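Trainee: Sharing a structure below in structure tokens format, with a few things to ask.
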Amino acid sequence: MIKKKKREVYALGQHICMSAHKARRVVDQIRGRSYEETLMILELMPYRACYPIFKLVYSAAANASHNTGFNEADLIISKAEVNEGTTVKKLKPRARGRGYPLKRSTCHITIVLKNKSLDLDEEYSFI
């Protein structure tokens, strides 16, 4: 029997209180880079979106090392995407008893890590 080895691991963050446009600005900078380079970039960038994305990249690497036994030095970010989540609608009290609508947008962030040390020849193992 031939069993296919798992080459990708992911981490998913849902309902992060941030607009998808602001999170995409950071995710576009890290897509395709290595794991260690990504952590350095995210620590030095001045945006508020960096912290939740940093936590997701760190979580995906922990999933890779714990669940599949990958080495963290061999990981690259193969796919990173940001989707819009639900919008929380609130009313802010204003003068003369009026209400002013506020929209708090959320987003869903997916980070997929791939092991670059696995070649296509080693993808299948015989059991």
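Trainee: What angle do you read, to the nearest 10 degrees and between 0 and 90, between the alpha-carbon axis of helix 20-30 and the longest principal axis of the chain?
Mentor: So the inclination is approximately 30 degrees.
Trainee: Taking the Cα centre of the stretch 9-125 as origin and charging only Cβ (+1 Lys, Arg; -1 Asp, Glu), how large is the dipole, in debye to the nearest 20?
Mentor: Computed about the Cα centre, the dipole is about 1760 debye.
Trainee: Moving to a separate point now. Would you kindly find the accessible area of Tyr10, with a 1.4 Å probe and non-protein molecules such as ligands, DNA and RNA excluded, rounding to the nearest 10 Å²?
Mentor: Its accessible surface works out to 140 Å², give or take rounding.
Trainee: At 7 Å along the Cα-to-beta-carbon direction for both Lys6 and Glu43, put a label point, then send me their distance in nm to one decimal.
Mentor: Those two pseudo-labels are separated by 2.9 nm.
Trainee: Over all pairs of distinct alpha carbons, what does the Kirkwood formula give as the hydrodynamic radius of the chain, in Å?
Mentor: 16.4 Å is the Kirkwood radius here.
Trainee: Okay, next question. Using a 10 angstrom cutoff on alpha carbons, build the Gaussian network for the chain and name the most mobile of Arg104, Arg33, Arg94.
Mentor: Answer for the Gaussian network model of the chain: Arg94.
Trainee: With every protein chain kept in place and ligands, DNA and RNA left out, what is the accessible area per residue of the chain? Probe 1.4 Å, answer in Å².
Mentor: 69
Trainee: Tell me, what is the percent relative contact order of the stretch 9-125, built from C-alpha pairs under 8 Å that lie six or more residues apart?
Mentor: Reported relative contact order: 38 percent.
Trainee: Using r as the Cβ-Cβ distance of Ser59 and Thr87, and R0 as 25 Å, what FRET efficiency do you calculate, to the nearest 0.05?
Mentor: Step by step, r from the Cβ atoms, then E = 0.50.
Trainee: Let me ask another. For Lys79 and Leu102, what does the FRET efficiency come to when R0 = 25 Å and r is the distance between their Cβ atoms, rounded to the nearest 0.05?
Mentor: For Lys79 and Leu102, the calculated efficiency is 0.15.
Trainee: In addition: Among Asn63, Thr106, Met45, pick out the residue whose Cα is farthest towards the positive end of the charge dipole of the chain, where Lys and Arg carry +1 and Asp and Glu carry -1 on C-beta, about the Cα centre.
Mentor: After comparing all options, I get Thr106.
Trainee: Hey, another quick one. If DNA, RNA and ligands are ignored and the probe is 1.4 Å, what is the ranking of Phe70, Phe54 by accessible area, most exposed first?
Mentor: I get Phe54, Phe70, largest accessible area first.
Trainee: For the stretch 64-79, what does the Karplus curve 6.51 cos²θ - 1.76 cosθ + 1.60, with θ = phi - 60°, yield as ³J(HN,Hα) per residue in whole Hz, taken in order and with x for Gly and Pro?
Mentor: Karplus-based 3J(HN,Hα) across the stretch 64-79 equals 5, 6, 7, 7, 10, x, 6, 7, 5, 6, 9, 8, 10, 8, 7, 8 Hz.
Trainee: Return the calculated 222 nm mean residue ellipticity for the chain, to the nearest 500 deg cm²/dmol, obtained by summing -39500 (n - 2.57) across DSSP H runs with n ≥ 4 and dividing by the residue count.
Mentor: -8500 deg cm²/dmol
Trainee: For the chain, which whole percent of the accessible surface, found with a 1.4 angstrom probe, sits on carbon and sulfur atoms?
Mentor: After summing per-atom areas, the C and S share lands at 51 percent.
Trainee: When a/c reaches 1.5 or more, the comparison of a/b and b/c decides; with that in mind, is the stretch 7-56 rounded, prolate or oblate per its Cα gyration tensor?
Mentor: Cα axes put the stretch 7-56 in the oblate bin.
Trainee: Here's a follow-up. For a test of the definition: using alpha carbon positions, the gyration tensor, and the 1.5 limit on a/c, classify the stretch 48-91 as rounded, prolate or oblate.
Mentor: prolate
The values are calculated or read from the model by the stated rules, or taken from the named source; none is laboratory data. As the structure is a computational prediction, the values presented were derived from the model and not from experiment. Reconstructed Cβ throughout: ideal geometry from the backbone, glycine too, with neighbour counts over all protein chains shown. Side chains are part of the model used for accessible areas, which takes the heavy atoms of the whole protein and leaves out ligands, DNA and RNA. Shrake-Rupley method; radii C 1.70, N 1.55, O 1.52, S 1.80 Å.
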